[in-house]
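The values are calculated or read from the model by the stated rules, or taken from the named source; none is laboratory data. Keep in mind that what you see is a predicted model, and the values were worked out from it rather than measured. Note that each Cβ is placed from the backbone with ideal geometry, even for glycine, and that neighbours are counted across all protein chains shown.
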Amino acid sequence: MFSKEEDKMVSMGFNSINEGFDEGVSKALNFLTEIGTDYLNERKEPEAEKTVVSIKEIGKAATLQGMENAAVNAIRALEKLLQCSIEQNTQDTTIQVLLSFGAIGKIAAEQQMETVAKLAASVLGKSGNTAALLNNERETMAVIIGLGEIGKAVTRVKFPNLSENTAICISCLGDIGKLTAQKNLEEAAVGVELMLQEMAAEAMQENLQDTVRSIAGSIEEVGKKAEDENMESAVFQASSALQTIVSYAGSKYLNDASIAAKIALESFNELDIINDEDNIKNIEAIRETMRALWVNSK
């Protein structure tokens, strides 16, 4: 449980948001960051995670109120806790922080607060590369989920063509996907492909042809890297995602996107695409794990 002082500061944060008072929000966030850091240094992980949740909720509320500075400050506060959590090797808290970036960034994208969404996505992209390099698959998966949720939200806003934030999410996911394939983190590689496929579905719904083409290219790159590493499930998911794009984009008369996905699909060796029950089960299990992780973090 929080102390009375902590409860007081959390209440101050929310009250300040209701009043549009940036300084009050900043004061609350600074206090929570300091106390959260203390908890982590003392290895009090449950208390630290509660602090992370409070900062996340303040950040989400600030974003919904259009308070950009407060939302940015919440992300910066979470960054400090992320660094401390990594140093203390408190993985559950690290994952909680990473998912929090996704939660704030998703709302920012929906509210068309591009600076906040961009910051959240950029922090996640950097964190994902680091986690993958260190073979931290659970942390990498949290990053993938966060980036995917921001990416889908940005795509739904109906920007003409390919927006900067959409491009950032696609690029970050693609880079992480290639790295995870190279590091033989197959679940994470499949996770990237699943998120890119979901982004493509949103883009096709909004007739964003350039976005779909870019996503198809990223899926191909991840899938080809997985093919090099003999990762059956990742290769199958890449080919399946591209086939879905070919069919659906064609039905939406997104001809350029459909052709791009078809060319990407043809780059795979048919013998490497093993469509068997085990691969399908593996992919569905990964999808369900990701869904549960995101739902439980909200």
How many of the residues in region 206-227 are touching a Ser or Thr at 6+ places or on another chain (Cβ under 7 Å) and buried (at least 22 other Cβ atoms within 10 Å of the Cβ)? 4
With 266, 288, 270 as the choices, which residue is within 19 Å of residue 192 (Cβ to Cβ), among the acidic types (Asp, Glu) and loosely packed, with under 15 Cβ neighbours inside 10 Å? 288
Where the second residue is surrounded by 13 or more Cβ atoms within 10 Å (Cβ to Cβ) and outside any helix (DSSP H, G or I) and the first is touching a residue at least 24 places away in the same chain (Cβ under 8 Å) and of a type outside the set (Asp, Glu) and lies in region 6-24, which pairs have Cβ atoms under 6 Å and are six or more apart or on separate chains? 17/65
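Here is a yes/no grid of residues against (1) assigned by TED's automatic domain parsing to the domain that holds residue 140; (2) in a helix (DSSP H, G or I); (3) not β-branched (Val, Ile, Thr):
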| position | (1), (2), (3) |
| --- | --- |
| 7 | no, yes, yes |
| 16 | no, yes, yes |
| 33 | no, yes, no |
| 56 | no, yes, yes |
| 85 | no, yes, yes |
| 118 | yes, yes, yes |
Condition (residue is farther than 23 Å from residue 278 by Cβ, assigned by TED's automatic domain parsing to the domain that holds residue 154, surrounded by fewer than 22 Cβ atoms within 10 Å (Cβ to Cβ) and modelled with pLDDT of 95 or more) applied to region 231-247: is it met by at least one residue? no
Odd one out for residue 69, checked against (1) of a type outside the set (Gly, Ala, Ser); (2) in contact with a Gly (Cβ under 9 Å, 6 or more places away or on another chain); (3) closer than 25 Å to residue 10 by Cα: (2)
Out of 220, 187, 193, 227, sole residue that is at pLDDT below 95 and either under 16 Å from residue 125 (Cβ atoms) or in a helix (DSSP H, G or I) (or both): 227
Does residue 203 fit the bill of being under 25 Å from residue 137 (Cβ atoms) and surrounded by 21 or more Cβ atoms within 10 Å (Cβ to Cβ)? no
Is it fair to say residue 154 is in a helix (DSSP H, G or I), within 30 Å of residue 41 (Cβ to Cβ) and of a type in the set (Val, Ile, Thr)? no
